[in-house]
Amino acid sequence: MACAIAVLAGDGIGPEICAVAVQVLEALRDQGLELVFNEAPVGGAALEAHNDPLPPATLALCEQSDAILFGAVGAPRYDALPRPKRPEQGLLRLRKHFDLFANLRPATVFPELAHASTLKPEVVSGLDLLILRELTSDIYFGQPRGIHTNAQGLREGFDTMRYNEEEVRRIAHVAFKAAQRRRRTLCSVDKANVLETTQLWRDVVEEVAGGYPEVKLTHMYVDNAAMQLVRDPQQFDVIVTGNMFGDILSDEASMLTGSIGMLPSASLNARNFGLYEPIHGSAPGIAGRDEANPLATILSAAMMLRYSLEEAAHADRIEHAVRKVLGQGYRTADIQEPGCRVVGTAEMGRAVIAALN
Ligand code: IPM
Ligand code: MG
């Protein structure tokens, strides 16, 4: 039976990059991949149409689907809205609703793009690291939060950084298992020298480590990790960290690969149901201009095949095709270099489809 994919394209460049990723998946039909795609609005697009960044019908469609392919949400014109109405809430509510606690953000440098990074090629070439970001807790979701007027009559903003041990334990297990399948080195990133929450994080990760004696575990403070990522990123294999630190470090890691337009992600729950999205945002400045790099979304679609649909051979096909088009010199504007062939979003998609065969 064909798997059903909910396509939530969202705002800005979301629709363009999702359309291309869907075309790539459809091109695999000749090779036996049967998927059914159903679109639904999310983010600003859903706000305009239904006054809700995650309308009930969109949530219902996701519940009936085998996986979610997600574009991007957000635009400056929504920034002044009350928080529940903001496009980002569409994404955050989806993560929470489906308990998508394990966010996999692999940063791999394709040999062809080693020169596209702002770092020296010898620092980044061959880089292959995986950031595991906890995605459903931490200061993103902790209560209480708000802006109020304090006893001195001053406006005061506050959020709560909070983790319980079970939330740390389950992401730690995912991280150790990922490390087992890779180079068996795990770095847990925290701020245990200052924050109680992350002292608990460190203690629980240490406890879980007992079950994985073959994995070498280290701990690093987040400020040092931010520095080490640009100083010597090759020291890392798997990094596991909380929601907030993972948000920041994964944007940083994306620059090692040449462009934030290259980084895919998977957000999984305990039964491997997942939401797949590029880690970049909606890039309103280039929306509708056929300039966006669709490769992060195409690579996210490959992750969807691998992690939620158990179609690893098709995932390999897509990843090989991406490598091939880069080898052929195709580049979107964000990764262009002298002598390459600069193409738009749609043409990059066509090149990937041609390279599938
Ligand atoms: C990400 C994004 C989101 C986040 C935003 C859009 C809410 O930056 O997926 O990294 O902060 O998690
Ligand atoms: Mg982010």
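At a glance:
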quantity	calculated
Failed item, numbered, when R86 is tested on (1) within 15 Å of ligand 2 (Cβ to nearest atom); (2) over 20 Å from A225 (Cα atoms); (3) in contact (Cβ under 8 Å) with a residue 40 or more places away in the chain	(3)
Tabulated pairs, the stretch 229-257, first of a type in the set (D, E, K, R), second more than 16 Å from ligand 1 (Cβ to nearest atom) and in a loop (DSSP other than H, G, I, E, B), C-beta under 8 angstrom, 6+ apart or interchain	D237/R182; D237/R183; D237/R184
L81 being within 11 Å of ligand 1 (Cβ to nearest atom), among the hydrophobic types (A, V, I, L, M, F, W, C) and either in a strand (DSSP E or B) or not assigned by TED's automatic domain parsing to the domain that holds M244 (or both)	no
K120 being more than 29 Å from Q336 (Cα to Cα) and either surrounded by fewer than 13 Cβ atoms within 10 Å (Cβ to Cβ) or in the same structural domain as A60 (by TED's automatic domain parsing) (or both)	no
Flag if A287 is surrounded by 15 or more Cβ atoms within 10 Å (Cβ to Cβ), within 21 Å of the chain's Cα centre (by Cα) and in the same structural domain as T160 (by TED's automatic domain parsing)	no
Condition check for L104: touching a strand residue (DSSP E or B) at 6+ places or on another chain (Cβ under 6 Å), within 16 Å of ligand 2 (Cβ to nearest atom) and part of a loop (DSSP other than H, G, I, E, B)	no
Lone qualifier among A57, A9, A67 - being hydrophobic (A, V, I, L, M, F, W, C) and over 23 Å from V322 (Cα atoms)	A57
Extreme residue, farthest from ligand 2 (Cβ to nearest atom), among residues of the stretch 244-286 that are part of a loop (DSSP other than H, G, I, E, B), in contact with a helix residue (DSSP H, G or I) (Cβ under 8 Å, 6 or more places away or on another chain) and among the small types (G, A, S)	A270
Members of the stretch 163-181 that are assigned to a loop (DSSP other than H, G, I, E, B) and either surrounded by 15 or more Cβ atoms within 10 Å (Cβ to Cβ) or outside the structural domain of N224 (by TED's automatic domain parsing) (or both)	Y163
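The values are calculated or read from the model by the stated rules, or taken from the named source; none is laboratory data. This structure is a prediction, so every number in the text was calculated from the model and none was measured. Neighbour counts run over all protein chains shown; Cβ positions are idealised from the backbone, glycine included.
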